[in-house]
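Worksheet: one structure, shown below.
The values are calculated or read from the model by the stated rules, or taken from the named source; none is laboratory data. The structure presented is a predicted model; accordingly, all values stated were derived computationally and were not measured. Positions of Cβ are generated from backbone atoms using ideal geometry, with glycine treated the same way; all protein chains shown enter the neighbour counts. Accessible surface areas use protein heavy atoms only, side chains included; no ligands, DNA or RNA. Shrake-Rupley method; radii C 1.70, N 1.55, O 1.52, S 1.80 Å.
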4 protein chains.
Amino acid sequence: MAEAEVERAATSRFVGFSDGIFAIAATLLVLDLSPPSHLDTSGGLWSALFDKAEISEYAAFAVSFLVIAITWINHRSFFRQVARVDRRLTLLNVLLLLDLSFLPFPTRILAEYLPDGGTNAHTAAFFYSVPMAIMGVIFTAMWWHVSAADSGLLIKALSRDEARNSRLVFCGGCLFYLISLGLAFVSAEAVLALQAVLALYYAFDPLGT
Amino acid sequence: MAEAEVERAATSRFVGFSDGIFAIAATLLVLDLSPPSHLDTSGGLWSALFDKAEISEYAAFAVSFLVIAITWINHRSFFRQVARVDRRLTLLNVLLLLDLSFLPFPTRILAEYLPDGGTNAHTAAFFYSVPMAIMGVIFTAMWWHVSAADSGLLIKALSRDEARNSRLVFCGGCLFYLISLGLAFVSAEAVLALQAVLALYYAFDPLGT
Amino acid sequence: MAEAEVERAATSRFVGFSDGIFAIAATLLVLDLSPPSHLDTSGGLWSALFDKAEISEYAAFAVSFLVIAITWINHRSFFRQVARVDRRLTLLNVLLLLDLSFLPFPTRILAEYLPDGGTNAHTAAFFYSVPMAIMGVIFTAMWWHVSAADSGLLIKALSRDEARNSRLVFCGGCLFYLISLGLAFVSAEAVLALQAVLALYYAFDPLGT
Amino acid sequence: MAEAEVERAATSRFVGFSDGIFAIAATLLVLDLSPPSHLDTSGGLWSALFDKAEISEYAAFAVSFLVIAITWINHRSFFRQVARVDRRLTLLNVLLLLDLSFLPFPTRILAEYLPDGGTNAHTAAFFYSVPMAIMGVIFTAMWWHVSAADSGLLIKALSRDEARNSRLVFCGGCLFYLISLGLAFVSAEAVLALQAVLALYYAFDPLGT
């Protein structure tokens with residue numbers, strides 16, 4: 001095997017592992033949906049399946065799933081431009097995966113406290129926004145690292161202007177996460193909606209890859 | 001790496017992620033099987049393992065597993081014909097995976113309310129049929145998209161007739177899901193049987209791929 | 001892409017999906033280990049971690065993990081000889097995966113009822129042996145199918161004698177599963193030991209591949 | 001397919017399966033985080049999310065995730081040097097995966113008993129250190145096996161000196177695991193910190209690969 005081929009196989013195994021974490025974290029979310037207990041269904045199963053508590057769970061499930069799936073799409077776009085994975089990129093990626101694999105927990109918290117309203121709902125929304133914001137920061141740091149003039153990690157090196165512009169796009173994205181953190185103190189529902197919008201925004205691929 | 005090779009690697013990572021979700025959703029189903037509690041086993045473990053409630057769980061487990069596995073087989077046949085994945089196909093696929101990863105929840109609901117009979121069992125069967133129907137609709141939309149005359153997404157472009165005929169096959173499949181939705185109001189057991197039959201029908205590959 | 005390459009990519013995605021189910025089923029086993037409750041630890045955590053109930057759980061966990069991992073090794077040896085996957089092989093493989101993904105449930109049952117001894121322990125051991133036996137039968141059917149003179153599925157076609165001999169090896173293996181079913185009525189512990197021995201026996205690769 | 005290509009495909013499927021176990025074990029850790037119950041949140045959700053019990057859970061989650069992810073990185077470095085996987089290496093790897101997939105259990109135990117302090121916390125820390133130490137021993141045994149002069153398993157055979165030196169590095173690593181076992185009797189928190197440090201130490205790649 002040529003050196004380049006070994007490198008490519010290693011990068012491919014690396015993204016394969018990341019894909020696994022993304023796929024599992026997304027699929028585990030369903031485990032946090034709790035069926036209505038027999039006691040709650042005096043009004044019929046249908047209304048129990050669509051009461052406020054269950055709808056919170058569905059909404060949190062769907063938004064977190066979309067966030068993970070679309071983060072994965074962008075992770076894919078990202079690594080499609082990467083020729084070689086160095087140790088720092090590996091460590092940043094491990095932190096990204098740690099953050100990502102934690103996501104089902106704040107999702108559960110948000111689903112549970114959203115229907116309560118008041119301070120606890122705001123706290124849950126803030127707690128939910130934190131790992132999202134960290135994800136944005138790590139992604140930005142990863143891009144900062146690979147887009148450095150002398151990184152040699154990209155398949156096609158960027159010009160100074162391209163590097164600066166693409167970095168601005170990433171930093172711009174981080175602003176929205178900051179807004180989400182602040183919004184948590186206003187409305188938990190709005191945080192959930194913003195995260196869904198953010199996921200869809202990223203689905204339209206700011207990097208144009 | 002040539003452009004085509006990059007494309008192929010990207011498509012392959014794309015289906016790899018989907019495969020992961022399919023495999024995990026199928027395997028998580030087992031977590032919803034609840035062992036008979038010690039209190040219930042006064043008549044012996046054997047009868048407790050095969051009472052009405054447990055058999056409902058096994059049946060729902062097996063049918064959902066077959067549905068997921070055979071949907072995967074057809075997903076594989078589908079993407080075997082696809083040369084390139086564009087953004088719309090990606091988004092449709094994300095929705096398919098969202099729907100699919102939700103499946104363990106209605107499976108649990110059906111397993112729990114099937115033995116009750118009556119309205120709740122019908123509701124549970126309807127609730128179970130909905131994501132199945134959505135799956136059929138998304139698959140049809142995916143095929144509609146890639147089989148368009150100018151999509152350029154298929155490895156081997158279809159003639160007008162082939163495109164029309166294959167689309168009819170997909171729409172025909174959707175009819176059965178509609179029947180399943182209606183059947184839910186008649187018999188929950190029949191819904192489970194129909195879904196098993198549908199899965200086996202699709203196992204014999206209507207697309208002939 | 002040449003036809004053969006498409007075929008190989010399809011087979012590779014096929015085994016990838018199977019690998020996923022194997023890996024997930026094996027890793028989910030840990031979820032059935034229940035920590036000793038605070039109430040049980042009056043004698044200290046150490047003795048609570050190694051009381052009869054916990055040791056049953058560890059033993060059932062380890063044996064089931066070994067069975068799944070070593071079945072996977074043989075699945076790998078099997079598909080290493082397979083050039084092409086046809087529909088019947090696909091369906092047999094789906095049934096194998098269905099059976100395999102069910103395994104965490106009888107594992108939990110066995111772990112829970114093993115310390116009870118008596119009839120319930122025997123029942124649990126029998127219930128545990130059934131999916132193991134089915135796995136042996138499906139594997140044999142898969143080999144029967146691919147080793148047929150005219151299957152064209154193997155990379156290197158077998159002579160009549162090789163086919164017959166290898167089939168006998170598979171049938172011989174099934175005998176041991178029958179023994180396990182009978183042994184369940186004698187001793188649940190012996191069943192667990194036999195399954196561990198069987199797994200290790202298969203680890204030494206009866207097919208010589 | 002040439003012989004070497006078959007070999008490479010087999011090795012690649014082998015590491016793919018291992019990657020799956022690593023990824024799943026890491027992602028399942030989140031299931032052991034228990035949300036504060038509604039009853040505990042009289043002081044507000046925020047303080048309930050950051051009380052001593054929850055922080056223990058986060059710390060154990062993060063350390064175990066890092067250990068698994070970084071063990072995976074080294075597993076990747078390891079197999080990057082391996083040309084061929086023989087049966088003994090396969091079996092050692094199965095044992096490594098068995099040990100690894102068990103890890104979420106002692107993690108849960110440690111998270112649960114760490115806030116108690118006293119003997120139970122020490123016991124939990126010891127119980128947590130054991131599978132870590134076993135992992136180090138198995139890794140050392142794997143390296144011992146492939147680095148043998150006549151193994152023929154490495155892509156690039158080692159000189160006598162290289163083999164001896166690299167083995168010493170592995171044995172040196174095992175020493176730290178021994179220290180962790182002893183440290184458990186002094187302080188459970190220190191064990192957690194040491195494991196985090198060890199993971200980060202290995203992240204800087206003692207093999208220099």
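Can you report the number of residues in the stretch A:43-52 which are more than 7 Å from every other protein chain (Cβ to nearest Cβ), among the small types (Gly, Ala, Ser) and open to solvent by 10 Å² or more (accessible area, probe 1.4 Å)? Residues flagged as more than 7 Å from every other protein chain (Cβ to nearest Cβ), among the small types (Gly, Ala, Ser) and open to solvent by 10 Å² or more (accessible area, probe 1.4 Å) within the stretch A:43-52 amount to 2.
With respect to D:Ser18, determine if the residue is open to solvent by less than 10 Å² (accessible area, probe 1.4 Å), modelled with pLDDT under 95, among the polar types (S, T, N, Q) and at negative phi. Yes: the conditions hold for D:Ser18. Out of all the residues in the stretch A:100-111, is one or more part of a helix (DSSP H, G or I) and at positive phi? The answer is no; no qualifying residue exists.
For the stretch C:159-209, filtering for residues that are at pLDDT below 90, farther than 19 Å from C:Trp144 by Cβ and assigned to a helix (DSSP H, G or I) leaves 6.
When B:Ser34 is tested against the conditions (1) in a helix (DSSP H, G or I); (2) more than 7 Å from every other protein chain (Cβ to nearest Cβ); (3) closer than 26 Å to B:Val130 by Cα, the lone failure is (1).
Yes or no, residue by residue, for (1) assigned to a helix (DSSP H, G or I); (2) within 14 Å of chain C (Cβ to nearest Cβ); (3) open to solvent by 20 Å² or more (accessible area, probe 1.4 Å); (4) within 23 Å of D:Trp144 (Cβ to Cβ):
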position	(1), (2), (3), (4)
D:Ala25	yes, yes, no, no
D:Glu54	yes, no, no, no
D:Ala59	yes, no, yes, no
D:Ser64	yes, yes, no, no
D:Val67	yes, no, no, yes
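Can you name every residue in the stretch A:101-121 that is within 16 Å of D:Ser42 (Cα to Cα) and more than 9 Å from every other protein chain (Cβ to nearest Cβ)? Those that are within 16 Å of D:Ser42 (Cα to Cα) and more than 9 Å from every other protein chain (Cβ to nearest Cβ): A:Gly117, A:Gly118. Taking the listed residues A:Leu192, A:Leu158, the one that is more than 14 Å from chain B (Cβ to nearest Cβ), surrounded by 18 or more Cβ atoms within 10 Å (Cβ to Cβ) and under 16 Å from A:Val67 (Cβ atoms) is A:Leu192, with no other qualifying. Residues that are out of contact with any strand residue (DSSP E or B) (no Cβ under 8 Å at 6 or more places or on another chain) and in a helix (DSSP H, G or I) were ranked within the stretch D:139-153; the one that is surrounded by the fewest Cβ atoms within 10 Å (Cβ to Cβ) is D:His145. Among the residues of the stretch B:126-135, some residue qualifies, meaning at least one is surrounded by 18 or more Cβ atoms within 10 Å (Cβ to Cβ), under 28 Å from B:Ser56 (Cβ atoms) and at the interface with chain A (Cβ under 9 Å from one of its Cβ atoms). Looking at the stretch B:83-95, can you tell me whether even one residue there is under 14 Å from the mean Cα position of the chain (by Cα) and in contact (Cβ under 8 Å) with a residue 24 or more places away in the chain? Looking through the stretch B:83-95, at least one residue is under 14 Å from the mean Cα position of the chain (by Cα) and in contact (Cβ under 8 Å) with a residue 24 or more places away in the chain. Can you tell me which residue within the stretch C:69-93, out of those that are among the aromatic types (Phe, Trp, Tyr) and facing another protein chain (nearest Cβ under 9 Å), is farthest from C:Ala199 (Cα to Cα)? The extreme case among them is C:Phe79.
Pairs meeting the criteria (first residue in the stretch B:104-133 and closer than 16 Å to B:Glu54 by Cα, second residue at pLDDT below 95 and not in a helix (DSSP H, G or I), beta carbons under 6 Å, at least 6 apart or on different chains) are B:Arg108/A:Pro35; B:Ile109/A:Pro35. C:Lys156 satisfies every condition listed in (1) assigned to a helix (DSSP H, G or I); (2) more than 24 Å from D:Leu91 (Cα to Cα); (3) not small (Gly, Ala, Ser) except (1). Just the residues that are part of a helix (DSSP H, G or I) and either open to solvent by 20 Å² or more (accessible area, probe 1.4 Å) or modelled with pLDDT of 95 or more (or both), please, taken from the stretch B:84-95. Those that are part of a helix (DSSP H, G or I) and either open to solvent by 20 Å² or more (accessible area, probe 1.4 Å) or modelled with pLDDT of 95 or more (or both): B:Arg87, B:Arg88, B:Leu91, B:Leu92, B:Leu95. Condition test on A:Thr119, is it open to solvent by 40 Å² or more (accessible area, probe 1.4 Å), in a helix (DSSP H, G or I), of a type in the set (S, T, N, Q) and out of contact with any His (no Cβ under 6 Å at 6 or more places or on another chain)? So A:Thr119 passes the test. Scanning the stretch D:162-182 turns up no residue that is closer than 30 Å to D:Asp86 by Cβ and touching an Asp or Glu at 6+ places or on another chain (Cβ under 6 Å).
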